[in-house]
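Below: the structure, in structure tokens.
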């Protein structure tokens, strides 16, 4: 059984954030929300571990509105 990794784990996080902003550029709010939903499902499928996914959902729900992770 795996556990959610909440330690910094993305190389060049600022570059990733910029790519994410570019991905959403020119899209309506509705289109961006749909894109985020697709991205979440693709990444959830890649992770595959329901325990890890549940931990991620619980963390997201408990920190909603904050920048903690």
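What follows draws every value from the coordinates through simple rules; no lab data is involved. Just so you know, these numbers come straight off a predicted model, no measurement behind them.
GNM on the chain, C-alpha springs below 10 Å: top fluctuator among 21, 41, 53? Its mean-square fluctuation being the largest, the pick is 21.
The long axis of helix 13-24 is offset from the longest Cα principal axis of the chain by roughly 50 degrees. Which angle between 0 and 90 degrees, to the nearest 10, do you get for helix 50-62 versus the longest principal axis of the chain when only C-alpha atoms count? With both axes taken from Cα atoms, the answer is about 60 degrees.
Using every pair of separate Cα atoms, the Kirkwood estimate puts the hydrodynamic radius of the chain at 13.8 angstrom.
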